[in-house]
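K.L.:
Submitted below is the structure of interest, expressed as structure tokens.
Coordinate-derived values only; no laboratory data. Treat the numbers as computed from the prediction; the structure is a model and nothing was measured.
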Amino acid sequence: MKENGQFPVGRGAAGIPAVSYRPTPGRPPGLEVLDLPGLAARAVERGLPLTVPGRPAFHVVVAVRGGRLACSVDFTSYPLAPGDWLWVWPGQVLRFPDGHRGCDATVLVFPSAATDALIRDGAHVPYRLVTPDGPRQTALLRLLDALVEEHTALSDLPLEAYIETVRHLLSVILIRLVHLADPRRQGRSGGGEPFRLFREAVEEDFRRTHRVEDYAARLGYSPRTLTRATLAALGCGAKRYIDDRVLLEAKRLLIHSSLPPAAISEQIGFTYPTVFSAFFRQHTGMTPTEFRSLTSP
């Protein structure tokens, strides 16, 4: 693979190919606008075809304009059709089982640093597929076409003005997608700063601790405050949020890696495999081995 390739690949301790972000040489960082053949070519260049599961460390937004596209995100299959928008967040396991043939789509690739604080709450939106109605679809496509045009016309503006123009167009698209993806947002406060900090801390430390008290001590809040904030944001308690995150990682590793359950148990913070097995059975009704045998491709 070329040293300056778009998406360098590494296989971390998790056992799932991890794909990092690098901008195209000669272009400002922050956003790549591709079609599906372009995305597929770069995937082949880095040694990880679209048909192989990978874990991007960046956002991927796929806007389907024509044809059909099969896509898998974590454990959900999405048969994408014209008018569909799929937003894959960093850390999710992405795969295109049938490749990209027969589909016309625009793909936006950007690191988390390029997103505006206004879309932070989208990290816990459960719905990744959005199919806007007619007027909203028209508005989104106009924004997308403007973004594609501005992204292509690199030399038409001074560099600073170009970066700001592209960033603002991307932000408007993402804000609209967040609000379309989760209509429940209007009925919830979002949990505010305590939930945002708690979510970020869990993402960093769920492999080390599963205790609400540990996160509360780290962040300077009481466990009750974190529970109230999580209820306001998601309708579940803080402990449930931690357990769900641990369970998600366990499922990802069971399906998308060949690591034995004992190794997975250690990676996600369980002292003993038997404790992990009991936790997994409590939440799924199956042992890790049974889950893997029933769900692995």
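K.L.:
Return the equivalent ellipsoid semi-axes of segment 9-185 as a descending list in whole Å, where each equals the square root of 5 times an eigenvalue of the C-alpha gyration tensor.
P.N.:
Values: eigenvalues 104, 83, 56 Å².
Equivalent ellipsoid semi-axes, largest first: 23, 20, 17 Å.
K.L.:
Shifting gears a bit: Please work out the Cα center distance from segment 137-158 to segment 82-100, rounded to the nearest Å.
P.N.:
Each part reduced to its Cα centre gives a spacing of 22 Å.
K.L.:
Which of the helices in the chain meet the span-like rule: DSSP H, Cα axial reach of 24 Å or more, Kyte-Doolittle mean at least 1.0?
P.N.:
Numbers: long enough: 134-152 (27 Å, -0.15); 159-181 (33 Å, 1.19); 238-256 (27 Å, -0.23).
Flagged H segments are 159-181.
K.L.:
Note down the Stokes-Einstein diffusion coefficient of segment 162-286 in µm²/s, whole number, using a Kirkwood radius over alpha carbon pairs, 25 °C, and 0.890 mPa s. Don't jump to the answer; show the numbers that get you there.
P.N.:
On the way: Rh = 16.5 Å.
Roughly 149 µm²/s, to the nearest whole number.
K.L.:
Rounded to a whole number of µm²/s, how large is the Stokes-Einstein D of segment 239-278 at 4 °C and 1.567 mPa s, given Rh as the Kirkwood radius over C-alpha pairs?
P.N.:
On the way: Rh = 10.2 Å.
Rounded to a whole number, D works out at 127 µm²/s.
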